[in-house]
Structure formats: structure tokens, C-alpha cells
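*Asks:* My structure is below; once you've seen it, I'll send some questions.
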Amino acid sequence: MAIAFFDLDKTLLAVNSATLWVRRELALGNLRRREGLQAAVWLGLYQLGFSRMDALVARAIATTAGTREDDLRERMRHFYRSELQSLYRPGALEALERHRAAGDRLVLLTSSSEYLSQCVSEELRLDGILCNRFEVDSRGVHTGRAIGTLCYGAGKLGYARGYAAGAKTDLRDCAFYTDSYSDVSVLRQVGRPVAVNPDLRLRRHASSQRWETVDWGMPG
């Protein structure tokens, strides 16, 4: 494989970082209770199949309007160090090292923010980040809008294609590791699709397609 793409939540990490972030922001008073309840409802509707995650991502980005980029980046670094740094799946770390030893590029492909993605990339020594990035005005304040296409669903495929093209690589020479059925558009295009601790829909689909399915375990 020339490039190995990795999803973040429930794949490299054993948890959903968005849920933990909302809880932490509420506890610290950085998020009003009403906003926290809205986020909980959105996540619940998505998990029940009544809402699209791309809509939730757009709403989450909208809540950053008026916040300073430096402040959000620093809060995310504290969040990462205190709540996420120890939650990588052991199998994920092993897979990263296998690809690194083979000379493959290691690229994060996630719907998470650029601020969290940067923390992960530094920790895991990745070669690239494909994620959601937030628009900032000339004062360093978030506008509440994303930059470019959302990195979710079909949008993720666009990001993967663009990165592979820039590296003069065919997606058929790439691997992608993810837990989520929402990433099936990318899985269908890569040469090595791998379902990692997959959700129920992806487990069924991976089985029907005879894709590789792995259990990367839980952090000790």
C-alpha cells in the first residue's frame, strides 16, 4: 500500500471524541447547558438514524462563531492530553508501525476538527491530515463556517482522491481503516478496505463484500 488512510473516532481511538468534548465543555462552562442538550439530541438522532452526520458537523462548526482560534486550539490541546491521549486502540498503534515500516504514507482521514487532528498527528507522527477546517476572519475569530467541502461521507472520498492524486497514487494502491458505515464510499474505492471494530451496518456490509474485518482491542 502506498498510502494508509485512518479514521479517528472508534478506529484509532476507542471512543467518540465529540461526545467527550461536549461533556468537558459543559463541565468547564465553555458550553451553555442549552447548547450541550442540543448537541446530545443531535448525536442521539444520528445514532437512531433520524439525522445525517454531515448536518451535525455543520451545526457543530456553526457553534464556534465568535470564538478565538487560539483559545479553541489551546482548549483542544488540554482536552486531548487529559482525556484522549491514553485511549488509542493497541491494534491501531501496531498497524501504524507496520505501515511505517513498509514505507507507506500515514494519513488521518476524519470528520474531526483540524485542532484535534493536529494533536493526533503530532502524537502518532503522521504524514498527512485530511479533516474539517474552520474559517477564521482577519481578527483570528471563527466565523462559524467550514473551509471547503465537509470531510464526511462522499466528502471524505473527495479528500482521499485529492491527496492520492497529489501523491501520484491510485486509490487502488491505498488502504483505509474505519469503524463506520458512513465511510463506505471510500472503502469501495481503495485497494484494501478494512473494517475496524465496525458498527453493525458496516459489519454486515463488510461481510457481504468479503472485506477484511479486524478487532484492534481496547486500551489497557
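Derivation of every value follows stated rules applied to the coordinates shown; laboratory data play no part. Here the structure is a predicted model, which is why all the values come from computation and not from measurement. Because the Cβ atoms are built from the backbone with ideal geometry, glycine has one as well, and the counts that use them run over all protein chains shown.
*Asks:* Quick one: Lys168, Lys10, fewest Cβ neighbours within 10 Å first, how do they rank?
*Replies:* Ascending number of Cβ neighbours within 10 Å: Lys168, Lys10.
*Asks:* What order do you get for Ser113, Ser182, Ser121 when you list them from fewest to most C-beta neighbours inside 10 Å?
*Replies:* Ranked by crowding around the Cβ, least crowded first: Ser121, Ser182, Ser113.
*Asks:* Follow-up question, since we're still on this one. Which whole-number percent is the relative contact order of the chain (Cα, under 8 Å, 6+ apart)?
*Replies:* It rounds to 26 percent for the chain.
*Asks:* A further question follows. Whole-Hz ³J(HN,Hα) for each residue in region 204-216, computed from phi via Karplus 6.51 cos²θ - 1.76 cosθ + 1.60 with θ = phi - 60°, x for glycine and proline: what do you get?
*Replies:* With the stated coefficients, region 204-216 comes to 5, 5, 4, 5, 5, 8, 6, 7, 5, 10, 10, 10, 8 Hz.
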